[in-house]
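Written below as structure tokens is the structure these notes are about.
The values are calculated or read from the model by the stated rules, or taken from the named source; none is laboratory data. What you see is a predicted model, and the numbers here were worked out from it, not measured in a lab. Because the Cβ atoms are built from the backbone with ideal geometry, glycine has one as well, and the counts that use them run over all protein chains shown. Keep in mind that these areas ignore ligands, DNA and RNA; they rest on the heavy atoms of the full protein, side chains included. Shrake-Rupley method; radii C 1.70, N 1.55, O 1.52, S 1.80 Å.
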Protein chains: 2
Amino acid sequence: HLRLMYVSCLFPIQITVEDYEQAAKSLFKALLIREKYSKLAYQRFCRTTAQFLRSSQNMRWSEEDEVLPDMCPHPKDGEDPYSMENIPENLNYELKMKDGIVHVYDNAEAVRENRPRDLPYPDLETFAIDLSHVLAMIADGPTKTYCHRRLNFLSSKFYLHEMLNEMAELKELKSVPHRDFYNVRKVDTHIHAAACMSQKHLLTFIQKTYKTDADRVVLEKAGQKMTLQQVFHNLNKDPYDLTVDSLDVHAGRHTFHRFDKFNSKYNPVGASELREIFLKTDNFINGDYFARIIKEVAHDLEESKYQHAEPRLSIYGRSPDEWDSLSKWFINHKLHSPNMRWMIQVPRIYDIFKSKKLVPNFAKMLENIFLPLFEATVNPQKHKELHVFLKYVSGFDSVDDESKHSDHMFSFRSPKPEQWTTDDNPPYSYYLFHMYANIMVLNNLRKELGLSTFQFRPHCGEAGSITHLVSAFLTSDNISHGLNLKKSPVLQYLYYLAQVPIAMSPLSNNSLFLEYSKNPLREFLHKGLCVSLSTDDPMQFHYTKEPLMEEYAIAAQLWKLSTCDVCEIARNSVLQSGLSHQDKRHFLGVSYQKDGPEGNDIRRTNVAQIRMAYRHETLCNELSFIVDAVKSEEHLESSTQC
Amino acid sequence: HLRLMYVSCLFPIQITVEDYEQAAKSLFKALLIREKYSKLAYQRFCRTTAQFLRSSQNMRWSEEDEVLPDMCPHPKDGEDPYSMENIPENLNYELKMKDGIVHVYDNAEAVRENRPRDLPYPDLETFAIDLSHVLAMIADGPTKTYCHRRLNFLSSKFYLHEMLNEMAELKELKSVPHRDFYNVRKVDTHIHAAACMSQKHLLTFIQKTYKTDADRVVLEKAGQKMTLQQVFHNLNKDPYDLTVDSLDVHAGRHTFHRFDKFNSKYNPVGASELREIFLKTDNFINGDYFARIIKEVAHDLEESKYQHAEPRLSIYGRSPDEWDSLSKWFINHKLHSPNMRWMIQVPRIYDIFKSKKLVPNFAKMLENIFLPLFEATVNPQKHKELHVFLKYVSGFDSVDDESKHSDHMFSFRSPKPEQWTTDDNPPYSYYLFHMYANIMVLNNLRKELGLSTFQFRPHCGEAGSITHLVSAFLTSDNISHGLNLKKSPVLQYLYYLAQVPIAMSPLSNNSLFLEYSKNPLREFLHKGLCVSLSTDDPMQFHYTKEPLMEEYAIAAQLWKLSTCDVCEIARNSVLQSGLSHQDKRHFLGVSYQKDGPEGNDIRRTNVAQIRMAYRHETLCNELSFIVDAVKSEEHLESSTQC
């Protein structure tokens, strides 16, 4: 392919040498910080970036040093995905929450002696300092200028690449046998289980169910048991007459900048009873209907063969029983599908539980969320269902309206979770740190025991303060949305350099926070950020029977994306998903962990090698500037010392 | 609902009384001209508009005076759609083309005496004068100002209507039992048969066919018969390896403003052989594959139940045999579907046939197109297949790249078709007049004989000169595209006043002529023009399995259309389609021919009565200004005469 010959020249970017060096140093440090937290939690860190970081430290990067997540493969054909055989024995460890983080002890004596097992326990102070470093640099003038100019350069460079190589990329793809956009794997990495079916699907399901189950007792309200018929009678509705209009679960003009209105769209016919009956796992009918409808969605994915999804189920932290209930629901209804893995979303609604006196402090909420996971890890015999369910869980999400303002500023002086007893909700960063901290300890414990690890993949940058994106840069394997990266060139450039995956949902944004035409997805893709497409809530946002395809189709139409573009997006979605190593090898090629064209099997991904080479060379070029600056400074320092 | 109380006040529109009267007079005359040509050809003319025209002439409008098209109903269950029984006898009429228009004579003697039957035969001079009247007025300053201001007013008024009544409309729709956007009828009124399947569908069809038919002789090239295997061998392709990329039938960035490149996308793998084999009705295998794939599309529509389509098939005018061949294809392959009717598209490519010496002059081309239809009408026994096929034909389209410039200016001095012997292509208006003229005579003849009539529904205003839209205003029942109405306020206002239906395809435009965000559909809809959505070419433009739903979904998403908006669009699509009176009664309600809320059955259309009332009142208001001006002037004139 035609190369852009001048790309390694820094001079067109008019910036003084001092500014450049200061910027590079800051960026370098930020990358090191992310790398540290990623490694600690067994989350992925871009291999190319790591290689450059090592080279600047005059170290050799080696594959053995790489820290990787462990995802359970799906059971092979014929194996029972719910098998409770071979569940490990009780380790008789003791568990105790301290400063909002679960600590693991060998035994009661170790607890008394305050001698936890040798696992990394992060502390709030260090984290707060690291966070403040990155916070400071995103406001630093020279760094902003440098990043802004590099990002503009990346845009223009891609534009040139397109003009020079577009036809060559297409030619490459045309010669790939039997592989096109329709049969490359796509993962819907961000989709809420309670809205994973289309509005029409939910409607049909309700009507179908009513035909057979009108007399089934489905709800207990104020001590009174009610049949489906009675429920509809009380709502003054005949299910046969229901329509998508009266169901009223679709977003529209009225939900724009109204997250509250949007949230109420989860109630079919505006009735929380129907949400309770049809869209909950833990209700009078043990989530039977919800399980059935999800199995229908799974069936459609399996039929499509090439589409996968990671539906997000809620754990609230109201009570420690939630996990057992959720995993029993999963096992009893046999919800495993080879085309699905699961995400756990934790709504940031401590304030609500506190005001209802369900929890005394924030630590209790964290305990309710995380302690059961540690228990199931050290004593799976006592939590068999949870132990099995966790095999199919990719990771955790932190979710709620990001535009809500918090009065508290997270810092090393912030109260510890046990002391967080006010009615106010902790800020976003506080949530993120404590979720990360527990996931990190848990992952280390599980890795030690040969169990699967979890990714932290919060909603981040959909709205609200830019600090959210800083916290996620430190703590998260990948994020959902990321719209606010538009507003900070430094953060955007950091997300680029570290190749932090971003699952974007422009149709969701279009109904809630940002008009489609203003969505930065195309711009991010051009610059080389690792973006993918996901649906968020098909029930609220999509119209057709194939929501993920609708999401891709609209993006392709409006932004005139090429086949190579959409296949690159699809490949990114697989990479950032919680699919197992085995699945990723199968879907992307045996060397998928390598960066650049080497790691790309075009016969599986349909992404042109020209594109892969362009991306890789470009990233290496950007990283080399940083490393060169850091090295030359070190050289200067060491020679001054001499 | 909340009414806008000031709507009948003209004063906010700052314009002098003289200008207003001149504009009104011109618009009035233009509407009378359209009405004349519509009635002559049994095409629809908006009833409300007709009523106002009559009232200004101090006449009473009556339903009996209304001229309506006649569309054959679909055969009832159990009836044979291809039945050749009860075909009328030969009338022994004589037919002769004169000045490019087929004339009908009682017998040979009448031919000799130049005494055609008493049917209206339009003449080019009158038409040219009428055309020049409308052409002059669209450039008239005061008329432009008046129309521009009225259109702005219509926009603002709708905006107010929306703010006042949006929730009330939604409430109305929510109370409609069992009817929502998904189960209102939608007709894809503009879709080319050769591209009516998605790219993926075509690909799968080719692969499936190859598995069973590799050894079938499918092509004769240069005297040599070739099997499907040989064809693919010569192309150096293995059908199993084919992908949508190598099929290369999808439009993209490269087709924007390149109609030539777009046209070549009809050739799968860039090979005209595959187009010949899979997408033609008249080939070595008698269009077998094309028929099969269209039947699959029809099957999908029938499954969807609420979606209909009117695929467009080509008649070129190269030879008089085309009609017999096409209708035999239809009958032999049993292509009737209750969810389909057919359109005939005539490409404007006289210049190509002339340069290849296939026709000596333009009249011969017209004769090849229209004479067989007249023959089948007066002597159906001799053209049984065509007689049956015509039952399911809605009408005619004139199609080609409108952006091509023509040197000739159509006027009353233009040569008659027999004298059009140059190699140059006649201009758009010349084509339109001669197609209209023949359809008009044919419709009158068929009406007399109790046979179905045809609509003229050309591609118009997709690109090129604004005069195209003037010609269509006179001659066409409805048009496809209409983008250029953006450029002429007078024409846009005329299309509004006469409620000329416009089938718009924003996704097609997005790939060819106009970016989606600049498409005027939403603006037209707001003002109250009668717009609908159609796909044009799913093979080139769409991604999902339901192209029409994709078209609606994208429009709804990007323009944040309400349920009422999309249902109004769907209703418009049924109204302007060639579905039979019986079907329309069934799909829209028994009074669908009445304008305003009276004509709307909300239980079938899901269009709010508030919306219908708004549209009707607004149109009446606009028309009343015109009529008032004309009347006051008449009053003035008559009092001056006294």
Residues (within 15 Å of B:GLY317 (Cβ to Cβ), of a type outside the set (A, V, I, L, M, F, W, C) and out of contact with any strand residue (DSSP E or B) (no Cβ under 6 Å at 6 or more places or on another chain)) located in the stretch B:408-432: B:PRO417, B:GLU418, B:ASN425, B:PRO426, B:TYR430
Out of all the residues in the stretch B:332-349, is one or more surrounded by fewer than 20 Cβ atoms within 10 Å (Cβ to Cβ), over 27 Å from B:ARG292 (Cβ atoms) and not aromatic (Phe, Trp, Tyr)? yes
If A:LEU451 satisfies every condition in (1) touching a Leu at 6+ places or on another chain (Cβ under 8 Å); (2) farther than 19 Å from A:PRO372 by Cβ; (3) crowded, with 19+ Cβ neighbours inside 10 Å but one, which is the exception? (2)
Under 7 Å between Cβ atoms, which residue pairs at least 6 apart in sequence (or on different chains) link something in the stretch B:624-636 that is part of a helix (DSSP H, G or I) with a partner that is at pLDDT below 80? B:PHE625/B:LEU10
I need the full set of residues from the stretch B:562-584 which are of a type outside the set (A, V, I, L, M, F, W, C), closer than 17 Å to B:LYS186 by Cβ and in a helix (DSSP H, G or I), in order please. B:THR563, B:ASP565, B:GLU568, B:ARG571, B:ASN572, B:SER573, B:GLN576, B:ASP583, B:LYS584
Residue that is farthest from B:SER452 (Cα to Cα), among those in the stretch B:393-420 that are among the polar types (S, T, N, Q) and touching a Lys or Arg at 6+ places or on another chain (Cβ under 8 Å): B:SER398
Selection over the stretch A:163-173 where residues are within 10 Å of another protein chain (Cβ to nearest Cβ), surrounded by 17 or more Cβ atoms within 10 Å (Cβ to Cβ) and more than 10 Å from A:CYS564 (Cα to Cα) yields a count of 0
Yes/no for B:PRO142 being within 14 Å of chain A (Cβ to nearest Cβ) and touching a residue at least 40 places away in the same chain (Cβ under 8 Å): no
State the number of residues belonging to the stretch B:98-115 that are open to solvent by less than 40 Å² (accessible area, probe 1.4 Å) and either under 20 Å from B:LEU366 (Cα atoms) or in contact (Cβ under 8 Å) with a residue 24 or more places away in the chain (or both). 7
The stretch B:548-574, residues that are more than 19 Å from the chain's Cα centre (by Cα), closer than 25 Å to B:HIS192 by Cα and more than 7 Å from chain A (Cβ to nearest Cβ): B:ALA555, B:VAL566, B:CYS567
What do you reckon, is A:VAL388 within 23 Å of A:ASN478 (Cα to Cα) and crowded, with 21+ Cβ neighbours inside 10 Å? no
Within the stretch A:196-237, of all residues that are facing another protein chain (nearest Cβ under 10 Å) and touching a helix residue (DSSP H, G or I) at 6+ places or on another chain (Cβ under 7 Å), the one surrounded by the fewest Cβ atoms within 10 Å (Cβ to Cβ) is A:GLN207
If the Cβ limit is 6 Å and pairs must be 6+ apart or interchain, which residue in the stretch A:279-301 that is under 23 Å from A:ASN263 (Cα atoms) pairs with which residue that is crowded, with 22+ Cβ neighbours inside 10 Å and among the hydroxyl-bearing types (Ser, Thr, Tyr)? A:GLY287/A:THR281; A:PHE290/A:THR281
Checking B:PHE181 against (1) more than 10 Å from every other protein chain (Cβ to nearest Cβ); (2) open to solvent by less than 20 Å² (accessible area, probe 1.4 Å), which test does it fail? (1)
What residue, among those in the stretch A:350-361 that are assigned to a helix (DSSP H, G or I) and in contact (Cβ under 8 Å) with a residue 40 or more places away in the chain, is least open to solvent (accessible area, probe 1.4 Å)? A:TYR350
Which one of these does B:ARG615 not meet: (1) surrounded by 21 or more Cβ atoms within 10 Å (Cβ to Cβ); (2) within 22 Å of B:ASN183 (Cα to Cα); (3) away from chain A (no Cβ under 12 Å)? (2)
Can you tell me which residue among B:SER155, B:SER175 is free of Cβ contacts under 8 Å to residues at least 60 places away in the same chain and polar (S, T, N, Q)? B:SER175
Identify, from the list B:ARG292, B:ARG258, B:ARG275, the residue that is within 14 Å of chain A (Cβ to nearest Cβ) and basic (Lys, Arg). B:ARG258
Scan of the stretch A:236-273 for residues that are closer than 17 Å to A:ASP537 by Cβ, at pLDDT 90 or above and charged (D, E, K, R), ordered by number: A:ASP248
